[in-house]
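To start, the structure itself, in structure tokens.
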Amino acid sequence: MCGIAGAIGPDADALTRRITACLVHRGPDDDGFHSALGAALSFRRLSIIDLEGGAQPILNETGDIALVCNGEIYNSPELRRRLIDAGHRFRSCSDVEVILHLYEDHGEDCARHLRGMFAFAIWDTRNRSLLLGKDHMGQKPLFFYRDGERFLFASEIQALMASGAVHRRLDPNSLWHYLSLRSMPDECSLVAGVYKLPAAHTLLRSADGNIRTCRYWTPDFRAKRKLRENEAEEALDECLREAVASHLLSDVPVGTFLSGGIDSTTIGAMMARTLSGPVPAFSIGVDEASFDELDAAEQVAHAEGMVFHGERVKANVASMLPMMVHHLGEPADPYAVGVYLVSRLAARHVKVALSGDGGDESFAGYDRYVGQRLVDYYCMLPAALRRKVMPRLIAAVPETFRYKSLAQRLAWLQSMSEVRGGERYARALGVLRFTPEERAELFHPEVAQSLTDPDTLGKVLRYFDAPNVDSLTDRMLHTDLMLRVPDHNLVMGDRMSMACSLEVRSPFVDPRLVEFAASLPADMKLKGRKLKYLLRRVAGRYLPPEIIRRPKQGFGFPVGLWMRRDLKALVEERLSNSHLVAAGIFRPEPIARIMSEHMEGRVDHSYRLWLLLNLEIWHEIYIEGRSVEMVNDGIQQLVAR
């Protein structure tokens, strides 16, 4: 695990060193630098495998190809044996060196042979080309910038900004998509001119400056396994245990996150039965019972003989937001707060932790998967009743601001009933954020009319209506695996853990396990209204029945309640004096309305207000150039009121 950076063009060495200086948190143990023929590569290391060796950049046998890589290659032992048999000589015991020799044999196709989490760069002096590659599900980040003279890349946006070559300009198209999806799709970033390399893609920059990107992998949901339920259960158990075992490749101790749900607890239980010593387990909770899973996580930890570490969180999380936004390069979702806090806790004890990210999206764990069918039943009501009478009745339901409150669920049902098919699912992904109508109202008309890429729906339908998927359940899962997992879950997981110098690994997004899940019949994942049907059967082999029966929560926080109490002054002051309104991006009236409705207890707008608050912080840091310390000082003054 590390941070990587590089540059091609004038001042490549100086630019690369400047970028790398902002990645120390990703690799506090060591650094490395290589320069050749107008290009430079650099590396910050968090030592996990081959502690004494493993330095980067790594050169090939003849010294004309150089590699830097962030991540771990879980199938490196078998690849190393194969490459040695083919005549390659290795300089180190590092797992990532196999990439270099695969490139010598297969060129751009080298990424197809890898199993792991990775973002790499290869500079080939023979033809002055640069190859970038990213893992199948997008666990490791890689961003790039180019102008007429230079090409820069780095593990984080904030590091690219430090180069001085990137202009501080907001990309309104990316902001438009983010407001509805709560993630940056495709190559988008909020900084104009900065792009991310998407999951399962390579990018080749040739000597003439031309760029070509290529997707090298996608899961196929059509080729279904013909298995009885007991056979499928056994096969899934074996596949998941193998994935967990492969993710334990490390020369330092490995811990696990526990949320109290079945994904992370199953991973933790499998770890405990694989490793010889007690597994360190980490979890966080809150005082509000409807959001808290700390007791459930501790129960599993003790049952499996783990060493449990838990903390309860208070509403003072606002002080962390500037730092979190700085590392993310985008607004800090409430989920990111949980990942940061549990990572900070874990980093006091270990360098590596496993997580349960990706289990919901492969095995159907979200309520909205069942909800799509419930919406169909709701749509049997006469249209006039649904459109004219039901909204008034739903609006009369009091808001409790609790996790998945009745008011929230009814509002969701009503909103979903207004559209169908892929458009309905697109709306389901962002219903707690901004619907297309709400987003259009929020944006200043001139900015909305100037957008060059306004089709957010198309970015969802590309996966929902893809030819490699058939059933409704699989269409929803495929969409989430291609959008939500790489562009949201894994973004938060990587940036927040690496802010704490912690490596987080997610067995559920192992490509072999994702492919296995895709090959299962849809009704083994969502059976009637039973979410994660087959995974629950496997989890039942390891976990107490009360954990299996618990409703899903995850790392949640009562931000709606906090915004009406502890964070009220902060929210009202920042949004009443919005920098995005002053910049002519947003209109003030919609912001004032949702803030008023929330503070008066009429509607839970917590996710929308949180998003807007974090956008304000992002704008101050990334566009106005204010330091994290300056922004945090302003927040502290408001919170102290």
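The values are calculated or read from the model by the stated rules, or taken from the named source; none is laboratory data. None of these values were measured; they are calculated from a predicted model. Counting neighbours? That spans all protein chains shown, and the Cβs are built from the backbone with ideal geometry, glycine included. These area figures cover heavy atoms from the full protein model, side chains too; ligands, DNA and RNA do not enter into them. Shrake-Rupley method; radii C 1.70, N 1.55, O 1.52, S 1.80 Å.
Observations on the model:
- D50 vs. criteria crowded, with 18+ Cβ neighbours inside 10 Å and assigned to a loop (DSSP other than H, G, I, E, B): no
- First in the stretch 436-453 and in contact (Cβ under 8 Å) with a residue 40 or more places away in the chain, second anywhere and surrounded by fewer than 16 Cβ atoms within 10 Å (Cβ to Cβ) and outside any helix (DSSP H, G or I), Cβ under 8 Å, 6 or more apart: H444/G584; E446/G584; V447/G584
- Boolean, S501 is buried (at least 24 other Cβ atoms within 10 Å of the Cβ) and either in contact (Cβ under 8 Å) with a residue 24 or more places away in the chain or part of a loop (DSSP other than H, G, I, E, B) (or both): no
- Number of positions in the stretch 163-176 that are within 23 Å of the chain's Cα centre (by Cα) and in contact (Cβ under 8 Å) with a residue 24 or more places away in the chain: 5
- Residues satisfying the stated conditions in the stretch 259-293, i.e. touching a residue at least 12 places away in the same chain (Cβ under 8 Å) and aliphatic (A, V, I, L, M): I262, I267, A269, M270, M271, A272, L275, V279, A281, I284, V286
- Residue match in the stretch 230-248 (condition: out of contact with any Lys or Arg (no Cβ under 6 Å at 6 or more places or on another chain) and part of a loop (DSSP other than H, G, I, E, B)): yes
- Any chance D487 is outside any loop (DSSP other than H, G, I, E, B), touching a residue at least 40 places away in the same chain (Cβ under 8 Å), closer than 27 Å to S506 by Cβ and not aliphatic (A, V, I, L, M): yes
- Residue match in the stretch 446-459 (condition: part of a helix (DSSP H, G or I) and under 28 Å from A111 (Cβ atoms)): yes
- Test: residue in the stretch 58-79 that is in contact with a Phe, Trp or Tyr (Cβ under 7 Å, 6 or more places away or on another chain) and open to solvent by 10 Å² or more (accessible area, probe 1.4 Å): no
- Entirely in the stretch 560-623, the helices (runs of 4 or more DSSP H) that have 3 or more residues that are surrounded by 15 or more Cβ atoms within 10 Å (Cβ to Cβ), under 27 Å from the mean Cα position of the chain (by Cα) and touching a residue at least 40 places away in the same chain (Cβ under 8 Å): 568-576, 606-618
- Of the candidates L406, L393, L381, the single residue that is of a type in the set (A, V, I, L, M, F, W, C) and either in contact (Cβ under 8 Å) with a residue 12 or more places away in the chain or open to solvent by less than 70 Å² (accessible area, probe 1.4 Å) (or both) is L381.
- Close contacts from the stretch 230-258, counting a first residue that is surrounded by 17 or more Cβ atoms within 10 Å (Cβ to Cβ) and a second that is among the hydroxyl-bearing types (S, T, Y) and assigned to a strand (DSSP E or B), with Cβ to Cβ under 9 Å and a gap of 6+ residues or different chains, come to F257/S283; L258/S283.
- Subset of the stretch 2-25 [open to solvent by 10 Å² or more (accessible area, probe 1.4 Å), within 24 Å of G53 (Cα to Cα) and hydrophobic (A, V, I, L, M, F, W, C)]: A21, C22, V24
- For K532, the stated conditions hold: it is modelled with pLDDT of 95 or more and not polar (S, T, N, Q).
- Residues satisfying the stated conditions in the stretch 26-42, i.e. over 17 Å from A14 (Cβ atoms), surrounded by fewer than 18 Cβ atoms within 10 Å (Cβ to Cβ) and touching a residue at least 60 places away in the same chain (Cβ under 8 Å): P28
- If the condition is being farther than 30 Å from L406 by Cβ, hydrophobic (A, V, I, L, M, F, W, C) and open to solvent by less than 20 Å² (accessible area, probe 1.4 Å), then the stretch 259-310 contributes I267, A269, M270, M271, V279, A281, F282, A301, M306.
- Within the stretch 222-272, the set of residues being farther than 24 Å from D470 by Cα and among the acidic types (D, E) comprises E234, D237, E238, E242, D251, D263.
- Selection within the stretch 466-489 - of a type in the set (D, E, K, R), at pLDDT 95 or above and more than 30 Å from G329 (Cα to Cα): D474
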